[in-house]
Amino acid sequence: MDVIFLSAENMLNDEEPAAGLPTMPCGLIFREARAQLYALVCGTFHDDAMAMETQVTLDDNGMLDMDGNTGAEIYALSAALVETLAELEEDQLNDVIAQWQETEEIEALDTESSDLAEFVFSLIHLCQIACNEDDLGVYVLTAG
């Protein structure tokens, strides 16, 4: 399961990069589904939105070794995406969530709109915190 968290870049080499920091579980919302949200928010194509989560290279293999789990990876959300999410107005959210719920990836999850809204609100909150601090970024930890 993926987890989104705040961190300073210099803390990403720790054994547990998300420990003690604000986090939010992604639940069933996998990377392609998140990219659909990014595409809607930023007004871009899906392929461009997929590139808004870029892998953070921590060793020669580009992998983070978490307790021997070599499938763990960290992705950084682009600064432009974080800023765009942080600036979303409340009146825009209902439209974005409604459109996101109609995407193929979200329809396949058969999730409630309230769960999607909670995910978006939590993500926006993390992005707002990151925008208010110079050294923080928003990252996704994928357990592989």
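Where a number appears in this text, it was derived from the coordinates with a stated rule and is not lab data. As the structure is a prediction and not an experimental result, all values here were calculated from the model. Quick reminder, even Gly has a Cβ in these numbers, built from the backbone with ideal geometry, and neighbours come from all protein chains shown.
Give me the dipole magnitude in Debye, nearest 20, for the chain about the Cα centre, with unit charges on the beta carbon: positive for Lys and Arg, negative for Asp and Glu.
Working: 2 positive and 31 negative charges, 7 e Å.
Roughly 40 debye for the chain.
Quick check on region 80-132: take the gyration tensor over C-alpha atoms, sort the square-rooted eigenvalues as a ≥ b ≥ c, and tell me if it's rounded (a/c under 1.5), prolate or oblate. If you can, show how the numbers build up before the last one.
On the way: a/c = 2.21, a/b = 2.04, b/c = 1.09.
Taking the square roots of the gyration eigenvalues as a ≥ b ≥ c, region 80-132 is prolate.
Sorted from fewest to most neighbouring beta carbons within 10 Å, what does the list 114, 122, 7 look like?
114, 122, 7
Among (1) 108; (2) 137; (3) 95, which one is volume of the Cα convex hull per residue in Å³ computed from these coordinates?
Looking at volume of the Cα convex hull per residue in Å³ for this model, the match is (1).
Based solely on its DSSP helices, what 222 nm [θ] is calculated for the chain when runs of n ≥ 4 H residues each add -39,500 (n - 2.57) and the sum is averaged over all residues, nearest 500 deg cm²/dmol?
On the way: 6 runs with 63 residues, N = 144.
Result for the chain, helices only: -13000 deg cm²/dmol.
Which residue, 130, 35, 108, has the most motion in a Gaussian network model of the chain that connects Cα atoms within less than 10 Å?
108
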